[in-house]
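The next block holds one structure in the form of structure tokens; read it before the comments.
The values are calculated or read from the model by the stated rules, or taken from the named source; none is laboratory data. These figures come from a predicted structure and were not determined experimentally. Cβ coordinates were reconstructed from backbone atoms using ideal geometry, including for glycine residues, and neighbour counts include every protein chain displayed. Quick note on the areas: whole protein, heavy atoms, side chains included, nothing else; ligands and nucleic acids left out. Shrake-Rupley method; radii C 1.70, N 1.55, O 1.52, S 1.80 Å.
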Amino acid sequence: MELPRTRALLPEVIWRDSSPSTNAELRELVAPRQGDAPVPAPPHGTLLATSDQTAGRGRLDRGWVTPPDTSIAASLLVRGFGATGLGAGWLPLLAGSAIVTALQSHFTAAAANALGPDGDSDSAEAKRVGVKWPNDVHVRDEHDAIAGSPGKKLCGILCELLPGEPGAANAGHTIIVGTGINLLIPEWELPTDRATSLLAAGADTGGAETLAEPAGHDLVDRVLADYSAELLRLVRLAADDPDAARARVARHSLTLGTEVRVHLPGGQIVDGRARALAADGSLIVDLPTGGELTVSAGDVEHLR
């Protein structure tokens, strides 16, 4: 796939017609196996992507596989993160915010296209894309918002912290940011009733029916270019102005301010109200009995 917009923005773009896992492939490029001939290290901002990932995985080692030419799996290399400013725990949240920016415009365009001559239409309902803590991007409508639901999942994010490189002390972390973005999965092929895609949720997809056709190529290019540019901008912001980066994450959060049920790694279940993000990006939950719980790992369910 040519991806002219994306290639104009990034130092290196690698497209695979098919890949077992874009995170795994990029990880091998960053840390070649012993005995391999030396190759130049991929630079900050390198992107590896495919529309056919065959053995992907998500958070908690869950599998992530979608029909070919309906979704993007993309892995972006971030170097030097956390040398100043925000720590590594914020990167999934920043990536989610970048995905929100890349996808919201497709719903805004769809709503604008649905407006009639009088500027009003029942089919032009506004939909909001946002981040469900810690690493899922959802889209919801007004009914979801009233019910306290995050809506349906459009994208999952998996960040992998790589071992430090020789001589790189105090130079920040090298991290692969993996994303799986549902673009053209028809409603009947969605893996669960909690998932959706741009197509199934009624977004503007430029008339694309499959990512294998020219309109699909253009959709992939627009989404990857918008997402990559925004994430790299937020990475710089996290280093230069951490407070502004935190505010950006909070603005795109669907979880803050809602009643939640936290499923902790040991099996404990705790209900409360998600109030804020801690200094490391963990979720602070106010407990109904008083006090608070700081959640750094676990599944968070929005209570309706």
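Under a crude label model (7 Å from the Cα following the beta-carbon direction), how far is A83 from A247 in nanometres?
So the label points at A83 and A247 sit 2.6 nm apart.
Find out how many positive minus negative residues lie around L86, taking Lys and Arg as positive, Asp and Glu as negative, among other residues whose Cβ is under 9 Å from that of L86.
Values: positive: R246; negative: D280.
In short, 0.
With a 10 Å cut-off between alpha carbons and a GNM built on the chain, which of G45, G96, G80 moves the most?
Between G45, G96, G80, it is G80 that shows the largest mean-square fluctuation.
Could you compute Rg(Cα) / (2.2 N^0.38 Å) for the chain, with N its residue count? Numbers along the way, then the final one.
Details: Rg = 19.4 Å, N = 304, 2.2 N^0.38 = 19.3 Å.
My calculation over the Cα atoms of the chain gives 1.00.
So if we plug the beta-carbon distance of E28 and A114 into 1/(1 + (r/R0)^6) with R0 = 45 Å, what FRET efficiency do we get, rounded to 0.05?
Working: r = 45 Å, r/R0 = 1.00.
Efficiency computed from Cβ-Cβ geometry: 0.50.
Within the chain, which whole H helices from DSSP have a Cα span along their axis of at least 18 Å and a mean Kyte-Doolittle hydropathy of 0.0 or more, if any? Mind showing how you got there, number by number?
On the way: long enough: 91-114 (35 Å, 1.08); 214-240 (39 Å, 0.23).
Flagged H segments are 91-114, 214-240.
Residues with beta-carbon under 12 Å from that of E259, excluding E259: net charge, scoring Lys, Arg +1 and Asp, Glu -1? The partial results should precede the final answer.
Numbers: positive: R261, R273, R275, R304; negative: D271, D286, E301.
Taking every Cβ under 12 Å from that of E259, the sum is +1.
Skipping prolines and chain starts, which residues have an amide H placed within reach, meaning under 5 Å, of the one on S71, given they are 5 or more residues away or on another chain?
Amide H neighbours of S71, under 5 Å, 5+ apart: L183, L184.
State the percentage of accessible surface on the chain attributable to carbon and sulfur atoms; use a 1.4 Å probe and exclude ligands, DNA and RNA.
Working: 7350 of 14170 Å².
With neighbouring chains kept in place, the figure for the chain is 52 percent.
Could you name the aspartates and glutamates in cross-link range of K152, using Cα to Cα under 18 Å and dropping any fewer than eight places away on the same chain?
Straight-line reach from K152, under 18 Å: E125, D136, D141, E142, D144, E187, E189, D193, D204, E259, D299, E301.
Full-extension gain between Q268 and R233, please, as 0.36 nm times their residue separation minus the C-alpha to C-alpha distance.
Values: separation 35, 0.36 × 35 = 12.60 nm, distance 3.79 nm.
Extra length available between Q268 and R233 comes to 8.8 nm.
Kindly report the accessible area of the chain per residue (heavy atoms of protein chains, probe 1.4 Å, no ligands, DNA or RNA), in Å².
Numbers: 14170 Å² over 304 residues.
Spelled out: the 1.4 Å probe surface of the chain, per residue, equals 47 Å².
Just to confirm the filter: which trypsin sites (Lys or Arg not before Pro) across the range 162-271 are DSSP coil and have at most 15 other Cβ within 10 angstrom of their Cβ? The partial results should precede the final answer.
On the way: sites: R194, R222, R233, R236, R246, R248, R251, R261; in loops: R194.
Here the sparse-neighbourhood loop sites are R194.
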